[in-house]
Amino acid sequence: MAKALALLSGGLDSTLAIRVIQQQGIEVIALNFVTVFCRCTSHGSCKLEAVKVSEKFGIPIKVINTTERFLELVKKPKFGYGKNMNPCIDCRINIFRVAGEYMREIGADFIITGEVLGQRPMSQRKEAMKIIDKEANLTGLVLRPLCAKHMEPTIPEKSGMVDREKLLQIRGRSRKDQIQLADVFQIKDYPCSAGGCLLTDPEFAHRMRDLVNSCDAGVNDVNLLKAGRHFRLDQQTKAIVGRNEEDNARIESLSQEGDVLLTLVDMPGPLALLRGAVTEETICLGARITARYGKSHLFPFTKVSVRQAKKDAPHRLIEVTPMSQEEADKLILKKISASNRSHEPSWVTEFNAG
């Protein structure tokens, strides 16, 4: 019996691709990838959806975290970025190389994916797909069942392992054909749609670009981008200010030795983290920003507690003037218009602050 390795994201397309191949009596084994850039990895939901699909179809699954390897690609992709900081072609090459290694390890004959020609502007063009397959040393071994009839026949099709006539010819961004196919296969609960990459989000991409340009970013730095407001104090130093209690807890958990933590004294407000070449000047700036986003912004002066992260060093207090919104807007990594600010999670609702 022929054996296929399926790249299973947990999305509808990859789920349908598996069913199309299973209909031909081919054994399928699933492989799922997660990185720090997945929108839903914080609660493991992407992985969970892929596991649900594998259990429903009775197929084994292996989950691989490729964050470390992928992060290096994000810093300097060979094939460049998409609209934001998304190195989609390099990402696919990375995934396919790892999949190729696993395919050979388990003795699978070929790889299947849920890709649809023309669905994504950067990586799902015909020429891009050819480049990806070639760079991953998988030319002829990647079968895309949903759009196969728009592509050249692959090795499993030419050899007779797969009946090409039973493959599909879906194309473009519309989901109409996939929804109809889901009805045919009686798939009622659609898994989360794939493509939840934070690097395609303009705000996150702006933060990521700033991070890559200022330091040798690590996984902890990327995780920190997901929390709070981010302020660039100088070329080497940032302040991350919590928006609510959840942000505060996440920022504290991600703090590292060398970071400085700031909190308001005797009143509710954000936790702020300073990272980089921290000096007395940047501590003062960070303290003023911290004061701006708590109740203390109503007062001419406020006291801020300063402490080293991950150490038992005593707190020290400094007194500062809360920063004005205009000053803060010049330092924040995302400019927020007045019309949008009222809809943003903030200390306005949490702590009656502006």
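Things to note:
- A P(r) calculated from all alpha carbon pairs of the chain, with 20 Å bins opening at zero, reads 28, 44, 25, 4 percent.
- Taking each residue as 0.36 nm, the span from residue 163 to residue 234 lengthens on full extension beyond its C-alpha to C-alpha distance by 19.5 nm.
- Accessible area (Å², per residue) of the chain, counting only protein heavy atoms and a probe of 1.4 Å: 47
- The Rg/Rh ratio of the stretch 160-261, with Rg taken over Cα atoms and Rh as the Kirkwood radius over Cα pairs, comes to 1.22.
- Given +1 at the Cβ of Lys and Arg, -1 at the Cβ of Asp and Glu and no other charges, the dipole of the chain around its Cα centre is 760 debye to the nearest 20.
- Carbon/sulfur fraction of accessible area - the chain, other protein chains in place, 1.4 Å, %: 51
- Bridges between two residues of the chain, per DSSP, are antiparallel at a rate of about 60%.
- Within the listed set 188, 76, 330, the residue fluctuating most in the Gaussian network model of the chain (springs between alpha-carbon atoms under 10 angstrom) is 188.
- Counting only residues at least eight positions apart within a chain, or on another chain, the aspartates and glutamates with an alpha carbon under 14 Å from that of residue 295 are 266, 350.
- Taking label points 7 Å from Cα along the Cα-to-Cβ direction, residue 75 and residue 130 give a separation of 3.3 nm.
- Filter on 126/149; 238/303; 78/134; 62/149; 78/334; 226/330 - keep pairs with C-alpha separation over 23 Å: 62/149; 78/334
- A convex hull fitted around the alpha carbon atoms of the stretch 234-329 yields 94 Å³ per residue.
The values are calculated or read from the model by the stated rules, or taken from the named source; none is laboratory data. These figures come from a predicted structure and were not determined experimentally. Using ideal geometry, Cβ is built from the backbone for each residue, glycine included, and neighbour counts are taken over all protein chains shown. Keep in mind that these areas ignore ligands, DNA and RNA; they rest on the heavy atoms of the full protein, side chains included. Shrake-Rupley method; radii C 1.70, N 1.55, O 1.52, S 1.80 Å.
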